[in-house]
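Structure first, then comments.
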Amino acid sequence: CLGGCAAFGVLEGFRRRRPAAPIGLAAGGPLPFASPFGRHGTAPWSPMKFMSPVTHLRREDGASTGRSNLRRDDGASPGRSGEISPVKPLSGDISLTPSKADFRLAGTMPLELDEARYVALLRRLIGESKHLQNNPRLGITPQEKRAAQVVMEELAPYSQAKGGPLIIEELEYVTNRSNLKVVYPGTTDKTISFVGSHFDVVPADPSTWDKDPFELTVEDGKLYGRGTTDCLGHVALITRFLVELGRKRPKLKRTIVVVFIAGEEGGEQGVGVDEVVRTGKLKEALGGPVYWVDSADSQPCCGTTGMLSWSLKCTGRLFHSGFPAKGINSIELAMEACNYIQQRFYEDFPPLANEDAYRFSNGSTMKPTQIECAKGSLNQICPETTVSGDIRLSPFYEVEDAQQAIEGYVKDLNDMDLEMLPTKGSWSKYVLADDVTTMPNELRRGLIELKWQGDTDSFKLYAGIAVNSDSEGHKALVQACRETYSKVRPFSVSGSLPLVKMMQKQGFDIQLCGFGLMAVYHGVNEYCTSADMRKAHEVLLRIVCLLEAVTDEAG
């Protein structure tokens, strides 16, 4: 979720004071979509690896050219907040304990998932998914309370209200937009937390599906329906794990904390996990690893990128296309301005060795994804074009640095470099010659305006994360996966998750995992598999047993 948590923590590293009103910058605008996790590979929204060649427009001496000097005093590029400390490459061979997980530490908890009851619960949740669809820009608002009620009904026999061990608390900050916190108490102040599995889903168009997206269909071990992978399949998985805790009542040293969240898909403020953290409802999770269960492919996910959405409005001069030197072609200006900004971005935010160490498929990217222009006749030079896109920012760079750099590039274009942009042929111009007659208030030079689709605080909520690979939480996750699947290969993705970086900076040991399928995230005919969820239950149990093994009774 966007917003709500900007006050938590002091951002590390180099900070710049942002100019109050950068030339050509129009601040504000609607909040961006909640960033979909794991959009990579061959999906149409995938940020592809791309490096621009060094541009001939780049000059190092900002003072002599009138360009804003974006180089820091230490000579580093805008993207580098001081020296970036190297990290150790990810490994699938690390372990928390020298021996395998001892299931006796979880009492009589079953190793096997009760598949029939899991499917029955998931069927009820998918049956509510029509009411859980979330897209604020389309005016679609979910009622997460409906899913929360299904989970509470499943857990009710084991709640403290019915004499059981589970402490169940509904956290509703907006009417019908419930989060749900469930605690299984241990004997020490150490914790294991499972957070991030969300009740809301992205919209589904039934006409494009082979099956009803709002009704669970089981075929050949595949469970079809909107939310099976993202993320109701995880909600059902963890709910059934809580049921087994409540039923078997193992004596654990660590407290198990679970928070199911609202508003993950829509990016709303004050609805979901941002409010849970702000109101202190997760403070006990500082006592141990926090597993954010909203990834996929049944392997440890160790890194994500941040996302910043932007639009670039290029204004020219409308004129007859037979006289190109008397008009300013906003379409051509937008093309060249984007090229200029992208080239400078890739110079200042280059690939890093740390990204390879964390197995990112690509480094930071900036690219246009949409373009629109003023409607008119084909024999008119277009006066206005807007290009929109996003930045996927490596977790080893800071959001503020990227924003200030882009703002500086646009300022440079408007102040100086506009006249140096390449033109199409000998007659196309972005600055009109002195002998061209214009009407009052008409532009004589093109204008480029940057508009962020969100504010800095919103973007910081979706900042990328590189998990702590030395923590007990990471070692337990890797070992549990290796023992369950025989082999493990940690990975990172160029998708984004809300709040995880800020929580990490507050001291939470954030670790990422998930057991759906990346290939069908937000897709038509979304599904998860029974086999994956059976194994997922085993992974959760192994994590608990491994961490129990290294926990002193005194906490």
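The values are calculated or read from the model by the stated rules, or taken from the named source; none is laboratory data. Worth saying up front: this structure is predicted, and the values here are computed from it rather than measured. Cβ coordinates were reconstructed from backbone atoms using ideal geometry, including for glycine residues, and neighbour counts include every protein chain displayed. Surface accessibility is based on the protein's heavy atoms, side chains included, excluding ligands, DNA and RNA. Shrake-Rupley method; radii C 1.70, N 1.55, O 1.52, S 1.80 Å.
Got a sec? Which strands (runs of 3 or more DSSP E) wholly within region 212-282 have at least 3 residues that are in contact (Cβ under 8 Å) with a residue 60 or more places away in the chain and touching a strand residue (DSSP E or B) at 6+ places or on another chain (Cβ under 6 Å)?
222-224, 255-261
Conditions first: (1) surrounded by fewer than 24 Cβ atoms within 10 Å (Cβ to Cβ); (2) closer than 26 Å to residue 95 by Cα. Residue 520 passes all but one, so which condition is the exception?
All conditions are met except number (2).
Please state which one of 221, 227 is within 27 Å of the chain's Cα centre (by Cα), closer than 16 Å to residue 516 by Cα and modelled with pLDDT of 95 or more. Break it down into steps so the answer makes sense when it comes.
Numbers: 221 fails: within 27 Å of the chain's Cα centre (by Cα).
The conditions single out 227.
List the residue pairs whose Cβ atoms are under 6 Å apart, where the first residue sits in region 531-553 and is surrounded by 23 or more Cβ atoms within 10 Å (Cβ to Cβ), the second is among the acidic types (Asp, Glu) and part of a helix (DSSP H, G or I), and the two are 6 or more positions apart or on different chains.
From region 531-553, the pairs are 542/483.
Do we have any residue at all in region 416-437 that's in contact with a strand residue (DSSP E or B) (Cβ under 9 Å, 6 or more places away or on another chain), closer than 28 Å to residue 354 by Cα and not basic (Lys, Arg)?
No.
Given the structure, is residue 454 modelled with pLDDT under 95, open to solvent by 40 Å² or more (accessible area, probe 1.4 Å) and on the phi > 0 side of the Ramachandran plot?
no
Conditions tested, residue by residue: (1) open to solvent by 80 Å² or more (accessible area, probe 1.4 Å); (2) within 30 Å of residue 534 (Cα to Cα); (3) at pLDDT 50 or above.
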{"residue": "70", "(1), (2), (3)": "no, no, no"}
{"residue": "74", "(1), (2), (3)": "yes, no, no"}
{"residue": "84", "(1), (2), (3)": "no, no, yes"}
{"residue": "87", "(1), (2), (3)": "no, no, yes"}
{"residue": "103", "(1), (2), (3)": "no, yes, yes"}
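In the set 436, 467, 431, which member is more than 16 Å from residue 311 (Cα to Cα), of a type in the set (Val, Ile, Thr) and touching an Asp or Glu at 6+ places or on another chain (Cβ under 6 Å)? Before you say what the answer is, go through the steps one by one.
Numbers: 436 fails: touching an Asp or Glu at 6+ places or on another chain (Cβ under 6 Å); 467 fails: touching an Asp or Glu at 6+ places or on another chain (Cβ under 6 Å).
Going through 436, 467, 431 in turn, the sole match is 431.
Looking for whichever is among the aromatic types (Phe, Trp, Tyr) and either more than 22 Å from residue 493 (Cβ to Cβ) or without any contact (Cβ under 8 Å) to a residue 24 or more places away in the chain (or both) here; the options are 360, 323, 345. Which one fits?
On the way: 360 fails: either more than 22 Å from residue 493 (Cβ to Cβ) or without any contact (Cβ under 8 Å) to a residue 24 or more places away in the chain (or both); 345 fails: either more than 22 Å from residue 493 (Cβ to Cβ) or without any contact (Cβ under 8 Å) to a residue 24 or more places away in the chain (or both).
So the residue among 360, 323, 345 that is among the aromatic types (Phe, Trp, Tyr) and either more than 22 Å from residue 493 (Cβ to Cβ) or without any contact (Cβ under 8 Å) to a residue 24 or more places away in the chain (or both) is 323.
Within region 471-549, which helices (runs of 4 or more DSSP H) (wholly inside it) include 1 or more residues that are hydroxyl-bearing (Ser, Thr, Tyr)?
Passing ranges, in order: 472-485, 530-549.
In region 405-414, is there at least one residue being open to solvent by 40 Å² or more (accessible area, probe 1.4 Å) and either out of contact with any His (no Cβ under 8 Å at 6 or more places or on another chain) or of a type outside the set (A, V, I, L, M, F, W, C) (or both)?
Checked against the condition, which is being open to solvent by 40 Å² or more (accessible area, probe 1.4 Å) and either out of contact with any His (no Cβ under 8 Å at 6 or more places or on another chain) or of a type outside the set (A, V, I, L, M, F, W, C) (or both), region 405-414 yields at least one hit.
So, residue 462, is that one crowded, with 21+ Cβ neighbours inside 10 Å, in contact (Cβ under 8 Å) with a residue 60 or more places away in the chain and farther than 30 Å from residue 91 by Cβ or not?
The answer is no for residue 462.
If residue 390 satisfies every condition in (1) within 20 Å of residue 355 (Cβ to Cβ); (2) in contact with a helix residue (DSSP H, G or I) (Cβ under 8 Å, 6 or more places away or on another chain); (3) crowded, with 21+ Cβ neighbours inside 10 Å but one, which is the exception?
(2)
Assess whether residue 249 counts as being among the charged types (D, E, K, R), at pLDDT 95 or above, open to solvent by 10 Å² or more (accessible area, probe 1.4 Å) and within 26 Å of residue 178 (Cα to Cα).
So residue 249 fails the test.
Condition check: under 30 Å from residue 469 (Cβ atoms) and open to solvent by 10 Å² or more (accessible area, probe 1.4 Å). Does residue 240 satisfy that?
Answer is yes for this residue.
Does region 183-202 hold any residues that are more than 17 Å from residue 146 (Cα to Cα) and buried (at least 18 other Cβ atoms within 10 Å of the Cβ), and which are they? Steps first, please.
First pass over region 183-202, keeping only residues more than 17 Å from residue 146 (Cα to Cα): 183-196.
Hits for region 183-202 are 183, 184, 186, 190, 191, 192, 193, 194, 195, 196.
Inside region 137-150, can you point out the residues that are open to solvent by 50 Å² or more (accessible area, probe 1.4 Å) and in a loop (DSSP other than H, G, I, E, B)?
139, 141, 143
Any residue at all in region 298-313 that's open to solvent by 20 Å² or more (accessible area, probe 1.4 Å), closer than 22 Å to residue 425 by Cα, at pLDDT 95 or above and over 24 Å from the mean Cα position of the chain (by Cα)?
No: region 298-313 contains no residue that is open to solvent by 20 Å² or more (accessible area, probe 1.4 Å), closer than 22 Å to residue 425 by Cα, at pLDDT 95 or above and over 24 Å from the mean Cα position of the chain (by Cα).
What pairs can you find where one residue is in region 363-386 and within 15 Å of residue 316 (Cβ to Cβ) and open to solvent by 70 Å² or more (accessible area, probe 1.4 Å), the other is of a type in the set (A, V, I, L, M, F, W, C) and not in a loop (DSSP other than H, G, I, E, B), and their Cβ atoms are less than 8 Å apart, with a gap of 6+ or different chains?
Final answer for the pair search is 371/334; 371/387; 380/319; 384/314; 384/373.
Would you please name the residue that is most open to solvent (accessible area, probe 1.4 Å), looking only at residues in region 317-346 that are out of contact with any helix residue (DSSP H, G or I) (no Cβ under 7 Å at 6 or more places or on another chain), in a strand (DSSP E or B) and not β-branched (Val, Ile, Thr)?
Applying the filter and picking the extreme gives 320.
Where the second residue is assigned to a helix (DSSP H, G or I) and polar (S, T, N, Q) and the first is at pLDDT 95 or above and lies in region 396-421, which pairs have Cβ atoms under 6 Å and are six or more apart or on separate chains?
Short answer, once both residue conditions are applied: 396/354.
Looking at 169, 112, 153 in this structure, which one is assigned to a strand (DSSP E or B) and either at pLDDT 95 or above or touching a helix residue (DSSP H, G or I) at 6+ places or on another chain (Cβ under 6 Å) (or both)? Step through it out loud before you land on a result.
Details: 112 fails: assigned to a strand (DSSP E or B); 153 fails: assigned to a strand (DSSP E or B).
One residue alone meets the criteria, 169.
Condition check: among the polar types (S, T, N, Q), assigned to a loop (DSSP other than H, G, I, E, B), open to solvent by less than 30 Å² (accessible area, probe 1.4 Å) and modelled with pLDDT of 95 or more. Does residue 175 satisfy that?
no
Which of the residues spanning region 147-168 are without any contact (Cβ under 8 Å) to a residue 24 or more places away in the chain and of a type in the set (D, E, K, R)?
Matches in region 147-168: 153, 162.
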